[in-house]
1. Within straight cross-link reach of K132, meaning Cα distance under 18 Å, which aspartates and glutamates are found once same-chain residues fewer than 8 apart are removed?
2. Of L139, H110, S173, which is farthest towards the positive pole of the range 97-182's charge dipole, taken about the Cα centre with +1 and -1 on the beta-carbons of Lys, Arg and Asp, Glu respectively?
3. Can you give the extra length, in nm with one decimal, that the chain gains between A76 and D187 once fully stretched, where that is 0.36 nm per residue apart less the Cα-Cα distance?
4. Students often check this: by mean Cβ neighbours within 10 Å, which of 203-214, 133-144 ranks highest, and how do the rest follow?
5. With the Cα gyration tensor of the range 79-170 giving a ≥ b ≥ c as the square roots of its eigenvalues, does the rule (a/c under 1.5 for rounded; else a/b larger than b/c for prolate; else oblate) give rounded, prolate or oblate?
6. Set the Förster radius R0 to 25 Å, insert the Cβ-Cβ distance between H48 and K26 as r into 1/(1 + (r/R0)^6), and round the FRET efficiency to 0.05.
7. Under 18 Å Cα-Cα from K175, which lysines qualify once same-chain neighbours fewer than 8 residues away are excluded?
8. Could you give me the ³J(HN,Hα) list for the range 63-79, computed from phi with Karplus coefficients 6.51, -1.76, 1.60 and θ = phi - 60°, whole Hz, x at Gly and Pro?
Amino acid sequence: MRVAVSPHPPGADELTPTDRTTLRRKKERGNHDRSVVNAILDEGLLCHVGISVDGTPFVMPMAYARIGDALYLHGATGNRMLRHMAQGAEVCVTVTLLDGLVLARSAFHHSMNFRSVVLLGTTVRVDDDDEKRRATTALLEHIVPGRSIHTRPPSTEELRAVLMVRMPIEEGSAKIRTGGPIDEPEDLGSPVWAGQIPLSIAAGEAVIDGAPPPGVVEPDYVRAYPARGTGGRASPGGAHLSGAHRGARVVAPGG
């Protein structure tokens, strides 16, 4: 069963479609709705940043954070690719959430259910310490909501040791696949099992680092982390469920 992306209502807040971000194939899976793009960015934990440095293409996995209509990336000041981005570079940032494996009756039509975002833009170096602090807090809250109030904030020296860039969320699109296999009519009667194997990222039991100081207990956001969301699982009828278990392992249904 194919589930198409809902059409956008007139006047919706969207990323402006461009020639680079308009889908040529499976257009019904494309989406420029800013709320859809933001939801995928907020659920993901890891992005991949594509950039060309001195004529050589690189793709680098990075943590990230979103504040409004801007994406923040950071790393060590000695990072070659970040230094290039700090000068103002054209980059491509992708985030993908894998929601399931789709097993068809033919080898050709096997697929995956996913939600993904592709962003294109030019990075800008962040030098202001206050903006760096806000972005650092956003990154921590993105990874573990509630964590920033319990940790020591970065010192001025630590902020200076970090190279941070900001990228506007202006040009890009989301692409979403949900539902079961799309088989050829002549294959529907084949004696082959077909369907979906939903996948999610589920956190395991937290492991404490050393002996806790007196009075320190496991925070609620650590205990609650494994129970978050539904992993974007597809229901038997093909309806998409938003949210995610975010953490340490990929599991199949019942895992």
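Bear in mind that the values in this text are calculations on the coordinates, not laboratory data. Just so it is clear, the structure is predicted and the values come from calculations on it, not from any experiment. No Cβ is skipped: glycine too gets one built from the backbone with ideal geometry, and neighbour counts run over all protein chains shown.
1. Cross-link targets: D69, E141, E157, E158.
2. Of L139, H110, S173, it is H110.
3. That works out to 34.6 nm of additional length.
4. Top of the packing list down: 133-144, 203-214.
5. On the way: a/c = 3.50, a/b = 1.78, b/c = 1.97.
The shape class here is oblate.
6. The pair H48/K26 has a calculated efficiency of 0.75.
7. Within the straight-line cut-off, K175 pairs with K26, K27.
8. Values, residue by residue: 6, 8, 8, 10, 10, x, 9, 9, 10, 10, 10, 8, x, 5, 5, x, 5 Hz.
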